[in-house]
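Structure first, commentary second.
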Amino acid sequence: MSLNLQTLCQEVCTLSKQVGGFIKTERKKFHLKSVEVKGKNDFVSYVDKTSEQKIVQQLEILLPEAGFIAEEATSNKKGEVYNWIIDPLDGTTNFIHGVPCFAISIALMRNDEIVLGVVYEINFEECFYAYEGSKAYLNGKEISVSKADRLKDSLLVTGFPYYDYDRLNEYMELFKYFMQHTHGLRRLGSAATDLAYVACGRFEGFYEYSLQPWDVAAGAFIVKQAGGKITDFKGEENYIFGKEIVAGNTNMFPEFLDAVKLFFK
Ligand code: 2AM
Ligand code: CA
């Protein structure tokens, strides 16, 4: 029997809202002493871990044959065909500091292709989702990327490098260029949310390097289904596992990518 992705997507949205409710409650009583340091500027707490356990437990029931690629490594099960790519809390630094932008990101990969994506931004209770063959949606309403066709009419979003400082100069030069040739730049601190906001036309484009598959898999798929375009810095397809991503509306994308290529040779 073939998988009903529409039903599965609804179930994943419901699950994300449930776990999002847990994260919101935990935020109210959160204490800095619960924070553990995974690496330089890399934080985690029981909230990330417990959320991931809840998500994995439920997804195992929804699709028993699937494996997992999950940030907190709750399960190392590998699926032959299907694998979930999960970030239980994207924007952990925001969460820790009480800054309201953090999300759950869940994607389903069939072989090498993403076929379902859900990004649930917890503070505004906004659920962005899409599945293979569908449009993209935000809380039940169809969304699409913006129509702006020039970089000079665009608002961009990015993330600052937090390791791999070898490319910091290129990053800063590109940042200066965009500062002078766009409406401006924002830095939300949650890549999944950045991508979801590109999908619904709030931002024209997003770019960042050093991201992990679980930060981008769901959001990138939603951008695609919303009519947008995504590549790595070379303009190629390796943006989920390749640690470089450029995503934008289709109209301004060529100009956007050319600017990225100008600085990241
Ligand atoms: P995370 O909160 O799940 O770790 C912000 O630019 C993006 O980078 C977020 O999606 C964030 O995901 C990711 N990221 C990973 N490690 C980070 C770090 N140490 N500092 C800031 N962002 C980090
Ligand atoms: Ca995370």
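Structure summary
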{"item": "The chain: relative contact order in percent, alpha carbon pairs under 8 Å with at least 6 residues between", "result": "17"}
{"item": "Kirkwood hydrodynamic radius of the chain, from inverse mean 1/r over distinct Cα pairs, in Å", "result": "18.4"}
{"item": "Beta bridges by DSSP in the chain, antiparallel share as percent, to the nearest 5", "result": "80"}
{"item": "Net +/- balance of residues flanking residue 85 in space, Cβ distance below 11 Å, scoring K and R +1, D and E -1", "result": "-3"}
{"item": "Mean ellipticity per residue at 222 nm, deg cm²/dmol - from DSSP H runs of n ≥ 4 across the chain, formula -39500 (n - 2.57)", "result": "-11500 deg cm²/dmol"}
{"item": "Helix 213-225 vs. the chain, principal-axis angle (Cα, 0 to 90°, nearest 10)", "result": "70"}
{"item": "Length-normalised contact order for segment 85-159 - Cα pairs under 8 Å, 6+ apart - percent", "result": "17"}
{"item": "Degrees, to the nearest 10: 5-28 long Cα axis against longest axis of the chain", "result": "90"}
{"item": "Sorted peptide list for 7-15, 138-146, criterion being average Cβ within 10 angstrom, highest first", "result": "7-15, 138-146"}
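Laboratory data are not the source of any read-out in this text; all were calculated from the coordinates shown. This structure is a prediction, so every number in the text was calculated from the model and none was measured. Ideal geometry is used to build each Cβ from the backbone, glycine not excepted, and the neighbour counts take in all protein chains shown.
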